[in-house]
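Input: a single structure, listed below in structure tokens.
What follows draws every value from the coordinates through simple rules; no lab data is involved. If you're wondering where the values come from, they're calculated on a predicted model, not measured in any experiment. Ideal geometry is used to build each Cβ from the backbone, glycine not excepted, and the neighbour counts take in all protein chains shown.
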Amino acid sequence: MDFRLSDDQLAFQASARAFAVERMAPNAARWDEEKIFPEEVLREAAALGFAGIYVQEDVGGSGLSRLDATILFEELAAACPSTAAYISIHNMAAWMIDRFGDGEQRRRFLPKLCTMEHFASYCLTEPGSGSDAASLRTRAVRDGEHYVLNGSKAFISGGGRSDIYVCMVRTGGDGPGGVSCIVVEKGTPGLAFGAQERKLGWNSQPTAMVIFEDCRVPVANRIGAEGQGFRIAMMGLDGGRLNIGACSIGAARAALEFSREHVSVRSQFGRPLASFQALQFKLADMATELEAARLMIRQGAFALDRADPDATMLCAMAKRFATDAGFAICNEALQLHGGYGYLKDYPIERLMRDLRVHQILEGTNEIMRVIVARRLLEQRNQ
Ligand SMILES: Cc1cc2nc3c(=O)[nH]c(=O)nc-3n(C[C@H](O)[C@H](O)[C@H](O)COP(=O)(O)OP(=O)(O)OC[C@H]3O[C@@H](n4cnc5c(N)ncnc54)[C@H](O)[C@@H]3O)c2cc1C
């Protein structure tokens, strides 16, 4: 087993790091403070191939692996986890169209998504169905060559700004088998948005309800067969969870590096903070948790790339571990900074605020345990 990155991986890791340092890090605090969705910088990221990371090359994608994607997201999130996480969601939506769309749909939607001329959102959650996503109630009723959509989606990242909404809607009976995946384009009559949500973090990306009122969408916008939508949504999330975990790792790595610097230059009791063993042990534990989280994310990605039967479980384990570890590391970093960590003059409080939601979305960390336990018990019966 070889844990080293390949030359190609080292090259795009370096390019992502340079982009994050030059274009994202200097602006991240302002994007957070002023709630700016940085469209221009996102399009620059797209020009580097980060908007269709594992979309196939014939429609403008980069054709990279899930493992490659986790390396990229770690770098981007070290500068701005919120913006990196939006890029992850955009990639997830694009991949669903690439993987399950037909030739015409791929050619129609993906080239503009890969350049971020169009932004994408993933629409699963509803006001009444969060963790129990398969109970979603947004209806799509067939009327000739259209579906008529009624219902609403909650907490949609990119909501109101995105051009393409990849929506899970009910075309059949109760449960996961009644769900289909339909792309709704901005500007479609009957598509509306709620007010922008006011959030603890993730302020560089909009979040809003997406509302359908007799919204007529061509049948040609359905991705995959009727009834396949829930499976498509869950497969999207396997990779999405790895990326969100990788975003937690990137931010936690940055928090650790800031902390190492701070304890080295700050003195109390006539000596550098770094000379106190209690604080050295904190750094050691933070670094160890970070390393373990990265290994789990990369193993989950390796499993997903190989379509391993345990991939969903390994992705859920990795998401749970990496997002919990990431938040804990940022919280420890804040403690190591003392009162300064609490101030917006330092990046730590922003990193911590941004990482908190990673424990909640793309399936809460309780739901990750549900997924892991279900697979463990299935394996017992195999
Ligand atoms: C900033 C932000 C952005 C988001 N972006 C998107 C997006 O782009 N697209 C999208 O579709 N969704 C998005 N979401 C929604 C997110 O995925 C949901 O909030 C999440 O899945 C949890 O659903 P819920 O909020 O309804 O909580 P609930 O499902 O009501 O859960 C409440 C609590 O109960 C726990 N719980 C529920 N069921 C169980 C169980 N069986 N066993 C143990 N514990 C359980 C949960 O873990 C949680 O702690 C976003 C959310 C936020 C906050």
Worksheet item: Assuming a viscosity of 0.692 mPa s and a temperature of 37 °C, what translational diffusion coefficient in µm² per second does Stokes-Einstein assign to the chain, Rh being the Kirkwood radius over Cα pairs?
Response: 155
Fill in: Taking all pairs of distinct alpha-carbon atoms in region 1-81, Kirkwood radius in angstrom
13.4
Worksheet entry | the chain: calculated mean residue ellipticity at 222 nm from DSSP helix runs of at least 4, using -39500 (n - 2.57) | -17000 deg cm²/dmol
Worksheet item: Membrane-span-like helices in the chain: DSSP H runs reaching 27 Å or more (Cα, own axis), mean Kyte hydropathy at least 0.5?
Response: 311-336
Worksheet item: Given Ala233, Gln56, Gly339, which one lies farthest toward the positive end of the charge dipole of the chain, if we put +1 on the Cβ of every Lys and Arg and -1 on the Cβ of every Asp and Glu?
Response: Gly339
Response to the item:
Largest fluctuation, Arg66, Arg306, Arg353 only, Gaussian network model of the chain with Cα springs under 10 angstrom, belongs to Arg306
Worksheet item: Could you give the dipole magnitude of the chain about its Cα centre, charging the beta-carbon of Lys and Arg +1 and that of Asp and Glu -1, in debye to the nearest 20?
Response: 640
Worksheet item: Among the Cys residues of the chain, which have no other cysteine Cβ under 4.7 angstrom away?
Response: Cys80, Cys114, Cys181, Cys215, Cys247, Cys315, Cys330
Worksheet item: Which whole-number percentage describes the relative contact order of region 230-380, with Cα contacts under 8 Å and a sequence gap of 6 or more?
Response: 31
Worksheet item: Comparing Glu257, Glu291, Glu145, which has the greatest mean-square fluctuation in the GNM of the chain with Cα pairs linked when under 10 Å apart?
Response: Glu145
Worksheet item: Under a 5 Å amide H to amide H cut-off, with H placed in plane at 1.01 Å, what residues pair with Tyr147 once short-range neighbours are removed?
Response: Val217, Val219
Discussion item. Within 10 Å, at most 12 other Cβ atoms, and a DSSP state outside H, G, I, E, B define an exposed site. Report the longest part of the chain free of exposed chymotrypsin sites (Phe, Trp or Tyr not before Pro).
Written reply: 4-268
Worksheet item: Which FRET efficiency value, to the nearest 0.05, do you get for Glu33 and Arg107 by plugging their Cβ-Cβ distance into 1/(1 + (r/R0)^6) with R0 = 51 Å?
Response: 0.80
